[in-house]
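*Asks:* Got a structure for you, written out below as structure tokens; questions coming shortly.
The values are calculated or read from the model by the stated rules, or taken from the named source; none is laboratory data. None of these values were measured; they are calculated from a predicted model. Note that each Cβ is placed from the backbone with ideal geometry, even for glycine, and that neighbours are counted across all protein chains shown. These accessible areas exclude ligands, DNA and RNA; they are computed on the full protein's heavy atoms, side chains included. Shrake-Rupley method; radii C 1.70, N 1.55, O 1.52, S 1.80 Å.
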Amino acid sequence: MTSRITLRFDLGSQGRIGHGKIALLEAIGTTGSISAAGREYGMSYRRAWLLVEEMNGMFDQPVVETRNGGLKGGGAELTARGQHLVRVYRETEELVAKQARSSLRELERWLAPATDAETPTT
């Protein structure tokens with residue numbers, strides 16, 4: 001079964017952090033680029049930039065720092081705060097998944113059988 005728990009931190013009036021924003025941060029950390037990270041998830045540079053700006057505004061320190069273009073080109077990198085945010089999210093996600101495993105298995109047993117239209121063909 002592919003059931004899973006999806007985690008989202010609701011941070012009051014400051015905003016929300018969930019799987020999508022964390023994945024974007026991880027992609028920025030890997031690619032060194034907001035635009036490349038956005039492309040990995042099918043989003044425009046503007047959308048990715050707005051999400052980064054939103055996250056930077058949520059916390060006491062930025063989670064992503066950018067470098068302007070020039071001879072070496074521009075880029076982006078996770079700050080120490082951004083790296084810590086990703087780590088806290090992933091560790092919490094793992095803890096919640098472990099705790100919920102038996103509950104998910106029970107819910108899966110209650111599911112109606114898949115119809116032919118829902119069953120993948122090989």
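*Asks:* Going by the structure shown, is Glu77 under 25 Å from Ile5 (Cα atoms) and modelled with pLDDT of 95 or more?
*Replies:* Taking the combined requirement at face value, the residue does not satisfy it.
*Asks:* Would it be correct to say that Ile17 is open to solvent by 30 Å² or more (accessible area, probe 1.4 Å) and either part of a loop (DSSP other than H, G, I, E, B) or within 30 Å of Glu108 (Cα to Cα) (or both)?
*Replies:* no
*Asks:* Also, I was wondering about something else. Could you list all residues from segment 1-28 that are touching a Gly at 6+ places or on another chain (Cβ under 6 Å) and at pLDDT below 95?
*Replies:* Across segment 1-28, there are no qualifying residues.
*Asks:* Also, I was wondering about something else. May I ask you to list pairs of residues, at least six apart or on different chains, whose Cβ atoms are under 6 Å apart, with the first in segment 99-110 being among the acidic types (Asp, Glu) and the second being open to solvent by 100 Å² or more (accessible area, probe 1.4 Å) and not in a helix (DSSP H, G or I)?
*Replies:* Glu108/Met1
*Asks:* Does Val63 qualify as being under 30 Å from Ser103 (Cα atoms) and either surrounded by fewer than 15 Cβ atoms within 10 Å (Cβ to Cβ) or at pLDDT 95 or above (or both)?
*Replies:* Considered against the rule, which asks whether it is under 30 Å from Ser103 (Cα atoms) and either surrounded by fewer than 15 Cβ atoms within 10 Å (Cβ to Cβ) or at pLDDT 95 or above (or both), Val63 comes out as no.
*Asks:* Next question, about the same structure. Just checking, which of Arg46, Arg39 is exposed (fewer than 13 other Cβ atoms within 10 Å of the Cβ) and on the phi < 0 side of the Ramachandran plot?
*Replies:* From the options Arg46, Arg39, the qualifying one is Arg46.
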